[in-house]
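Notes for the one structure printed next.
Only the coordinates and a few stated rules stand behind these numbers; no lab work does. For clarity, every value in this text was computed on a predicted model and none was experimentally measured. Don't worry about glycine lacking a Cβ; one is built from the backbone with ideal geometry, like all the others, and counts go over all protein chains shown.
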Amino acid sequence: MIHRGKTATNLSESLKIPLSSVYKKISDLENLTLIKVEKIILSEKGRRFKVYRSRINRAEISIKKPEPTLSLTANSFL
């Protein structure tokens with residue numbers, strides 16, 4: 001999802017997890033603005049599919065005292 005967008009079905013198949021789980025995680029990530037809808041494609045049967053793309057390229061977590069830090073790098077492929 002960093003270099004090119006993926007549909008929920010693509011993610012479900014590649015990660016081998018239920019489509020319902022993918023939609024739940026997508027919803028969570030959209031609410032956190034970590035992913036965005038890149039485009040909407042129309043299938044031959046007339047169904048619409050959203051293509052999602054990551055807004056971040058890298059996430060780094062540092063666990064040091066006194067508190068852990070999170071550093072996000074924006075996706076330059078957008």
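Structure summary
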read-out: Sequence-distant residues sharing a close amide H with residue 55 (under 5 Å, placed H); value: 35, 36
read-out: Too-long pairs where the Cα-Cα distance tops 21 Å, listed order kept, from 25/64; 16/39; 6/45; 25/45; 25/65; value: 25/64; 16/39; 25/45; 25/65
read-out: Spacing of the two label points (7 Å from each Cα toward its C-beta) at residue 24 and residue 3, in nm; value: 3.1
read-out: Label point at residue 40 placed 7 Å out along Cα→Cβ; residues across the range 1-30 whose backbone nitrogen lies under 16 Å; value: 7-8
read-out: Karplus-derived HN-Hα couplings along the range 17-26 (A = 6.51, B = -1.76, C = 1.60, θ = phi - 60°), whole Hz, x at Gly and Pro; value: 10, x, 4, 4, 5, 4, 4, 5, 5, 4
read-out: Cβ-based charge dipole, the range 8-74, positive-most Cα from 8, 26, 42; value: 42
